[in-house]
Amino acid sequence: MADAAANLELAEEDVLRAHWYGLLGGVLRAAPDRAHLDRLAGLVGDETDFGQGVSALAEAAQAALAADPKTLEQEHFDLFIGVGRGELLPYGSYYLAGFLYEKPLAQLRADMRRLGIARAEGVLEPEDHIAAVMEMMSGLITGAFGDGADLAAQRQFFAVHLGSWAPRFFEDLENAKAAGFYRSVGRTGRQFLAIETAAFEMTA
Amino acid sequence: MSEKKKKAAIGRRDFFKKAGLGAGAVGAAAVGLAADETKAAEPAKSGTGGRGYQETAHVKKYYELARF
């Protein structure tokens, strides 16, 4: 059996990509707790557009730390969960087909089967939730679901399940009424996916 | 790796560097890949013939190291 260790020699840019997919997925899935906010507040951005967004995200985390923790939880609830529904519906099916549980979800499930990704026990939301798809992308890069997906497979997954709708979602998040901390998440997500889209185009 | 592939890989690496993706790596010493260990997606219990994902010591080490 080939040395599994060799597969984990990720290029530096792939470590960074997986890091950002994971980070964004994590804060979207649940309001970050104090320990996590602390780490986010330590992010340092450079002078690029993306870097400036990172600095803004760090500042937003700092502000959230200074406020009552319930505020951030309420923000996450109002944005994504709500009574009945949140201000946003962060699902691929909703953005692509106008309703939840539509064809895009079926397509995602089929691709997950093919790629060896299973839904974790106890997860109630449909798999095409933005947080789940971001986490899947992170795993495809690092090889968490088996052999690391090569660039062509990543590009395919990205195109169908992220590039097609997530940039619009992040833009909506940036402009959402209930957004405070999450405004910065929207900005960084939008900028990050724009970088990914451009980079994938280079490999066409 | 073929010359063409090598060039493409270098182009990609430069692109990400210039885009500022490294922003946040410095000083983000403790930001892990996810807020906590529970994730919404996990490797499927096999049957499909793939090698599958194994939590070998090396893999665990990678995730430790990746917590930058």
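The values are calculated or read from the model by the stated rules, or taken from the named source; none is laboratory data. Since the structure is predicted, the reported quantities are computational estimates derived from the model, not experimental observations. A quick note on method: Cβ atoms are made from the backbone with ideal geometry, for glycine too, and the neighbour counts reach across all protein chains shown.
Of (1) farther than 28 Å from A:R187 by Cβ; (2) at pLDDT 95 or above, A:A153 satisfies all except one. Which?
(2)
Just for region A:175-204: of the residues that are more than 23 Å from A:L40 (Cα to Cα) and of a type outside the set (D, E), which one is surrounded by the most Cβ atoms within 10 Å (Cβ to Cβ)?
A:A199
Scan region A:83-118 residue by residue and report those that are surrounded by 14 or more Cβ atoms within 10 Å (Cβ to Cβ) and under 18 Å from A:A149 (Cβ atoms).
A:Q107, A:L108, A:R109, A:D111, A:M112, A:L115, A:G116, A:I117, A:A118, listed by residue number.
I'd like the residue in region A:132-165 that is part of a helix (DSSP H, G or I) and of a type in the set (S, T, N, Q) and, out of all such residues, is farthest from A:A11 (Cα to Cα).
Here the residue is A:Q156.
Show the residue pairs meeting these rules: Cβ distance below 6 Å; 6+ apart or different chains; first residue within region A:126-146 and more than 7 Å from every other protein chain (Cβ to nearest Cβ); second residue assigned to a loop (DSSP other than H, G, I, E, B) and among the aliphatic types (A, V, I, L, M).
A:L140/A:A149
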